[in-house]
Amino acid sequence: MTSYKLTYFDFDGGRAEPIRIAFHAAGIEFEDHRISFPEFGEMRRTTRFSSVPVLEIDGAAITQSNAMCRYIGKMAGLYPEDDLQALYCDEAMGAIEDLLHYVVQTFGLEGEELKAAREKLVDGWLSVYLKGLQALLTRGGGDFFADNRMTVADLKVYMQTKSLLSGTLDHVPVDIVQRLAPGLVAHVERIEKDPRVVAYYASRQ
Ligand SMILES: N[C@@H](CCC(=O)N[C@@H](CS)C(=O)NCC(=O)O)C(=O)O
């Protein structure tokens with residue numbers, strides 16, 4: 001039997017969470033290896049791109065969360081078979097990666113420097129990506145990003161929208177999603193009610 005070990009930070013979100021949900025939806029057992037930030041400091045020197053998530057398949061390490069989403073998503077029935085719908089799915093996942101690239105540039109800043117960087121983010125890239133994601137959701141029919149059903153793209157966007165709605169990013173207005181991409185608010189509610197998502201979180205209790 002193939003062994004799977006997914007290493008990521010110890011919280012229910014971020015880049016690994018869509019993969020964890022997809023594993024559960026596929027009924028595939030995996031080792032959910034959760035590490036602390038100090039542990040990551042130790043481990044990063046041995047990872048290929050100095051980052052997590054890392055997925056080990058029979059001991060061989062794979063990086064890049066979107067590639068993992070596609071791979072496990074296919075086994076879970078959470079990735080489109082149709083090429084165009086797969087392209088739509090990939091576009092939304094790629095947009096989240098790009099957005100995260102800009103968001104993390106503000107991490108580690110403090111005080112006025114943080115405030116200025118976050119205000120620039122809000123007026124700039126965050127607005128661009130929220131409006132773009134709203135357009136992608138509209139293209140998908142309004143409910144999902146691709147294939148008229150939940151895919152790994154929905155799980156990936158859901159994680160980041162939920163994070164923005166939680167108001168944990170200082171100087172990022174908590175109503176920004178509602179103002180710029182209202183469809184994403186309804187999208188979060190839709191995804192968190194999906195029986196596969198509900199079952200995953202029930203399994204975590
Ligand atoms: N493109 C990579 C990005 C991975 C990445 O940047 N992961 C973050 C955590 S979510 C990380 O390990 N950051 C460490 C650092 O930047 O020092 C992926 O999608 O897996």
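Every number in this text was worked out from the coordinates using simple rules, so none of it is lab data. The model shown is predicted, which means the values in this text are computed figures rather than measured ones. Every residue, glycine among them, receives a Cβ derived from its backbone with ideal geometry; neighbour counts consider all protein chains shown.
Work from the charge dipole of region 18-108 (Cβ charges, +1 for Lys and Arg, -1 for Asp and Glu, about the Cα centre) and give the residue of P18, S50, L100 farthest towards its positive end.
S50
Mind giving me the FRET efficiency for A67 and E91? R0 is 22 Å, r the Cβ-Cβ distance, nearest 0.05 is fine. Please report the intermediate quantities before stating the final value.
Details: r = 15 Å, r/R0 = 0.68.
Computed FRET efficiency for A67 and E91 comes out at 0.90.
Quick check for you: which residues of region 1-30 have the amide N under 19 Å from the point 7 Å beyond the Cα of E42 toward its beta carbon?
Flagged as within label range: 6-11.
Given Cβ point charges of +1 (Lys, Arg) and -1 (Asp, Glu) and nothing else, what value in debye, to the nearest 20, does the dipole of region 7-54 about its Cα centre take? If you can, show how the numbers build up before the last one.
Numbers: 6 positive and 8 negative charges, 62 e Å.
Its charge dipole is roughly 300 debye.
Fewest Cβ neighbours within 10 Å first, please rank F23, F37, F9 accordingly. The partial results should precede the final answer.
Details: F23 22, F37 8, F9 16.
So the residues, fewest neighbours to most, are F37, F9, F23.
So between H33 and R204, what do we pick up on full extension, going 0.36 nm a residue minus the alpha carbon distance?
Length difference between fully extended and current span is 60.2 nm.
Would you mind checking the pairs K115/K156; K5/K74; K162/K193; K74/K131 and listing those with alpha carbons more than 21 angstrom apart?
Numbers: K115/K156 27 Å; K5/K74 18 Å; K162/K193 13 Å; K74/K131 28 Å.
As for pairs spanning more than 21 Å Cα to Cα, those are K115/K156; K74/K131.
How big is the charge dipole of the chain about its Cα centre, in debye rounded to the nearest 20, if each Lys and Arg gets +1 on its Cβ and each Asp and Glu gets -1 on its Cβ?
Numbers: 22 positive and 30 negative charges, 17 e Å.
Using Cβ point charges on Lys, Arg, Asp and Glu, the chain gives about 80 debye.
If amide hydrogens are placed 1.01 Å from N in the peptide plane, which non-local residues have theirs closer than 5 Å to the one on V54?
Under 5 Å from the amide H of V54 lie the amide H atoms of T7, each far enough along the sequence or on another chain.
For the chain, return all DSSP H helices satisfying: extent of Cα atoms along own axis at least 27 Å; mean Kyte-Doolittle hydropathy at least -0.5.
Details: long enough: 83-104 (31 Å, 0.49).
Correct list, ordered by number: 83-104.
Measure out, as a whole number of angstrom, how far apart the alpha-carbon centroids of region 176-192 and region 1-68 sit.
Taking the Cα centre of region 1-68 as reference, the centre of region 176-192 is 27 Å away.
For R48, R196, what ranking results if the residue with the fewest other Cβ atoms within 10 Å of its Cβ goes first?
R48, R196
Each label point is 7 Å from the Cα along the Cα-to-Cβ direction; what then is the distance between the points at H171 and A116, in nm?
The modelled label-to-label distance comes out at 0.9 nm.
Treating the beta-carbon of each Lys and Arg as +1 and of each Asp and Glu as -1, no other charges, what is the dipole magnitude of region 93-196 about its Cα centre, to the nearest 20 debye? All intermediate terms of the calculation are to be shown ahead of the outcome.
Details: 12 positive and 15 negative charges, 72 e Å.
Taking the Cα centre of region 93-196 as origin, the dipole is about 340 debye.
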